[in-house]
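> The structure that follows is given in the form of structure tokens.
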Amino acid sequence: MKCDLGKLADELKKCEDGGVDSIHVDVMDGHFVPNFALGVETTRAIREYSSLPMEIHLMVERPDKYWKAFRDAGGSRFLIHYESQADILTTAREIARDGFETGLAINPETSFSRVSDMVGEFDSLLAMTIHPGFSGQKFMEEIVPKVKEASTFISGNNLKTLVEVDGGITYDTGRLCAEAGAKSLASASYIFNNDRVSNIRKLKSL
């Protein structure tokens, strides 16, 4: 969301030069969250300029209706919200049968206990550390214990689910999350408002 879309090829090259593992694409429908963001055509343009995996964060009411359009545009992993109106497990299993990775995203107000019984069905668990909708919000430090709880549960049950965090991620907040067990950090403002390559490498060092 925070990159200069008018210089998309250059922005993606800087991301790759910094060593990012994947591109996180925020998709918003104006209903599930109070904002509109990146659609199918933008996703297709990203794919034209980069071969990196694309993580499609579906902040939409009905991810079950739209994930295939983003698959066809080049998506690799599809994050669906527990709080959406879709049948979460049915949608995840459909995505997996099609040969793609799945992620379960949870908003700040959703406790880990609400999803602990299903988390093993997903390749990743994304804990939102801001209220989804707008980039540049302040990191919610009170979410860190939830990241720790999820990481401990996943490790203790020998699950392969990767713990991710998204929202307000800087070097300092990323360090808190990494220490709590997060293995993947989604960052926007910290990267694109500053020296792209340098700040990506700082996050990678965590």
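> So how many residues does the stretch 40-77 have that are in contact with a Leu (Cβ under 9 Å, 6 or more places away or on another chain), surrounded by fewer than 20 Cβ atoms within 10 Å (Cβ to Cβ) and among the hydrophobic types (A, V, I, L, M, F, W, C)?
So the answer is 2.
> Tally time: how many residues in the stretch 119-134 are surrounded by fewer than 20 Cβ atoms within 10 Å (Cβ to Cβ), within 26 Å of residue 30 (Cα to Cα) and small (Gly, Ala, Ser)?
1
> Please specify each residue of the stretch 17-73 satisfying the condition of being in a strand (DSSP E or B), of a type outside the set (A, V, I, L, M) and out of contact with any helix residue (DSSP H, G or I) (no Cβ under 9 Å at 6 or more places or on another chain).
24, 26, 36, 55, 57
> If you don't mind, another one. Can you pull out every residue in the stretch 1-39 that is under 14 Å from residue 74 (Cβ atoms) and surrounded by fewer than 17 Cβ atoms within 10 Å (Cβ to Cβ)? Can you show your working first?
Filtering the stretch 1-39 for residues under 14 Å from residue 74 (Cβ atoms) gives 8, 12, 22-25, 27, 38-39.
Selection gives 8, 22, 39.
> On to the next question. Would you confirm whether or not the stretch 177-187 contains a residue that is in contact with a Cys (Cβ under 9 Å, 6 or more places away or on another chain) and under 21 Å from residue 19 (Cα atoms)? Talk me through it step by step, then tell me what you get.
Pass one, the stretch 177-187, residues in contact with a Cys (Cβ under 9 Å, 6 or more places away or on another chain): 185.
Of the ones still in play, those that are also under 21 Å from residue 19 (Cα atoms) are 185.
Within the stretch 177-187 (the criterion being in contact with a Cys (Cβ under 9 Å, 6 or more places away or on another chain) and under 21 Å from residue 19 (Cα atoms)), the answer is yes, since at least one residue qualifies.
> Then there's this: Any residue in the stretch 126-152 that's in a helix (DSSP H, G or I): show its pairings with residues that are surrounded by fewer than 17 Cβ atoms within 10 Å (Cβ to Cβ) at Cβ separation under 6 Å, as long as the two are six or more apart or on different chains.
Correct list of pairs: 143/108.
> List the number of the failed condition for residue 9; all other conditions in (1) part of a loop (DSSP other than H, G, I, E, B); (2) out of contact with any His (no Cβ under 8 Å at 6 or more places or on another chain) hold.
Of everything listed in (1) part of a loop (DSSP other than H, G, I, E, B); (2) out of contact with any His (no Cβ under 8 Å at 6 or more places or on another chain), residue 9 misses just condition (1).
Readers should treat all values here as calculations from the given coordinates under stated rules, not as data from a laboratory. Every value quoted in this text rests on a predicted model; they were computed, and no experiment measured them. Positions of Cβ are backbone-derived with ideal geometry, glycine not excepted, and every protein chain shown enters the neighbour counts.
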